[in-house]
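Asks: Sharing a structure below in structure tokens format, with a few things to ask.
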Amino acid sequence: MPGKVRYNELNEFQKKKYLGEFYDMISILRTRDEAKNFFKDLLTLSEVVMISRRIQIAKMLLSGKSYEEIRKELRVGSNTVNQVEKWVNNGFGGYKEIIKRYSKKKASEIKKEVGDTPFSLNHIRRKYPLHFLLLNLLSKNK
């Protein structure tokens, strides 16, 4: 009978095939635009929002925010926060790894933006390398 397919009703071969292809497809996305377009085609807007909110909950939990702060800021139920906390603390480490990597990437982007402001020491050192030859050589050796 056609309709919803439940995970538990699939045989092992189907589970491995479907999930394997899904993970393989996600892993070959190269750019932010590719990922955005793929997920726009794959998921409804409400599904994207639901997944995005779970990620925000995980970020807030990992940053030390309380259930109450998360519930108020994101307007989610305590069951949702509780479920995400279970995945964060007892899951496969996906949330922690990706959020850590994302935070590092964002921090380096901010640091790069701050370092590239006109007339900052870093900007002037790159613009006039010979004037800072000794300092540049010393900083490369660190």
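The values are calculated or read from the model by the stated rules, or taken from the named source; none is laboratory data. Keep in mind that this is a model prediction, so the values were computed, not measured. Cβ: placed from backbone, ideal geometry, glycine included. Neighbour counts: every protein chain shown.
Asks: How do the pairs read when you match residues in the range 14-29 that are more than 23 Å from residue 98 (Cα to Cα) with residues anywhere that are surrounded by 11 or more Cβ atoms within 10 Å (Cβ to Cβ) and β-branched (Val, Ile, Thr), using Cβ under 7 Å and keeping only pairs 6 or more apart or on different chains?
Replies: none
Asks: Could you grab me the full set of residues in the range 24-59 that are surrounded by fewer than 10 Cβ atoms within 10 Å (Cβ to Cβ) and either touching an Asp or Glu at 6+ places or on another chain (Cβ under 7 Å) or of a type outside the set (A, V, I, L, M, F, W, C) (or both)? Spell out the reasoning first.
Replies: Step one: filter the range 24-59 for residues surrounded by fewer than 10 Cβ atoms within 10 Å (Cβ to Cβ), giving 24, 27-28, 30-33, 41, 44-46.
If the condition is that a residue be surrounded by fewer than 10 Cβ atoms within 10 Å (Cβ to Cβ) and either touching an Asp or Glu at 6+ places or on another chain (Cβ under 7 Å) or of a type outside the set (A, V, I, L, M, F, W, C) (or both), then 24, 27, 30, 31, 32, 33, 41, 44, 46 are the ones that fit.
Asks: Quick check on my filter: what residues within the range 60-85 are without any contact (Cβ under 8 Å) to a residue 12 or more places away in the chain, part of a helix (DSSP H, G or I) and surrounded by 10 or more Cβ atoms within 10 Å (Cβ to Cβ)?
Replies: Taking the range 60-85 first, the residues without any contact (Cβ under 8 Å) to a residue 12 or more places away in the chain are 63-66, 68-69, 71-72, 75, 77-79, 83.
Right, trim to part of a helix (DSSP H, G or I) and you get 68-69, 71-72, 78-79, 83.
Selection gives 68, 69, 71, 72, 78, 83.
Asks: List pairs: first residue in the range 91-115 and modelled with pLDDT under 90, second residue assigned to a helix (DSSP H, G or I) anywhere in the structure, Cβ distance under 7 angstrom, at least six positions apart or on different chains.
Replies: Here the result reads 115/122, each pair linking the range 91-115 to a residue that is assigned to a helix (DSSP H, G or I).
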